[in-house]
1. Kindly establish whether L172 is at pLDDT below 95, over 12 Å from the mean Cα position of the chain (by Cα) and crowded, with 16+ Cβ neighbours inside 10 Å.
2. Only one residue in S65, S50, S71, S58 is within 15 Å of the chain's Cα centre (by Cα) and not β-branched (V, I, T), so which one is that?
3. Which numbered condition trips up G154, out of (1) surrounded by 16 or more Cβ atoms within 10 Å (Cβ to Cβ); (2) closer than 24 Å to F77 by Cβ?
4. Can you find a residue in segment 3-11 that is assigned to a loop (DSSP other than H, G, I, E, B), at pLDDT below 95 and surrounded by fewer than 14 Cβ atoms within 10 Å (Cβ to Cβ)?
5. Within segment 163-195, track down each residue that is out of contact with any Asp or Glu (no Cβ under 6 Å at 6 or more places or on another chain), closer than 17 Å to D136 by Cα and among the acidic types (D, E).
6. Between a first residue in segment 92-110 that is in contact (Cβ under 8 Å) with a residue 12 or more places away in the chain and on the phi > 0 side of the Ramachandran plot and a second residue that is of a type in the set (S, T, N, Q) and not in a strand (DSSP E or B), which pairs have beta carbons less than 6 Å apart while being 6 or more apart in sequence or on different chains?
7. Please go through (1) touching a Ser or Thr at 6+ places or on another chain (Cβ under 6 Å); (2) at pLDDT below 95 for G103 and return the number of the only condition it doesn't satisfy.
8. Look at segment 157-181 and say how many of its residues are of a type outside the set (S, T, Y), closer than 19 Å to A120 by Cα and out of contact with any helix residue (DSSP H, G or I) (no Cβ under 8 Å at 6 or more places or on another chain).
Amino acid sequence: MAERKHGVPAPPTESAIRSGEWDGRDLDHETFRRVLFVDVDMTEMINRGSTFEECTFSQVRFNVSEHDDSSFVNCTFRRCSFFDATFRACKFTGSMFDGCTYGLLKVEGGDWSFVGLPGADLRGSAFHGVRLREADLTGARLEKAEILRSDLSGAWLHSADLTACDLRGSDLAALDPQVTTVKKAIIDSFQATVVAAALGFDVR
């Protein structure tokens, strides 16, 4: 089981929602705190402005769902599926993902700082204009993904695979090409200067 940064335990839950209790429901500015969601089908759900605080999602299906201006703060996601899910201007600060699937995940804006995605298979996913400060992407697979105009300052990228990943416009100050796979990754001229300086080159 993947651990949160520095071994911090997941928050305890105080109530539970299980399969059969969530029939095609769409959410509009609802609030949930310390709720355990187990085997809940949220496929194609529309979520506008709802808040989930310190919740745990276990085997929940977010496939083809759409979330706008919603918060998932300090939540835990275990073996959940996010196929073709879209999150716009959402807040995931401090949340942890363990054993989840993400095919075609799309994230547009929002704050994903301090998120734990160690070893996540994010191939083909898209993060546009996302705050990923100090996100744990250790060993993450990001081949052919898009991380455009995003803040990766302080992110943990050790052993991450960024092969053919489009990184243009993102903060790469935390990227160490010596411990991260960057073959054919796409960057702009300014980023090339930053990476060269990190490798010890005297850029003039």
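The values are calculated or read from the model by the stated rules, or taken from the named source; none is laboratory data. No experiment lies behind these values; they were computed from the predicted model shown. Counting neighbours? That spans all protein chains shown, and the Cβs are built from the backbone with ideal geometry, glycine included.
1. For L172, the condition - at pLDDT below 95, over 12 Å from the mean Cα position of the chain (by Cα) and crowded, with 16+ Cβ neighbours inside 10 Å - is met.
2. Working: S65 fails: within 15 Å of the chain's Cα centre (by Cα); S50 fails: within 15 Å of the chain's Cα centre (by Cα); S58 fails: within 15 Å of the chain's Cα centre (by Cα).
Checking each option against the conditions leaves just S71.
3. (1)
4. Yes: one or more hits.
5. D176, the sole residue that qualifies.
6. Sorted first by the residue in segment 92-110, then by its partner, the pairs are G94/N74.
7. Answer for G103: the failing condition is (1).
8. 10
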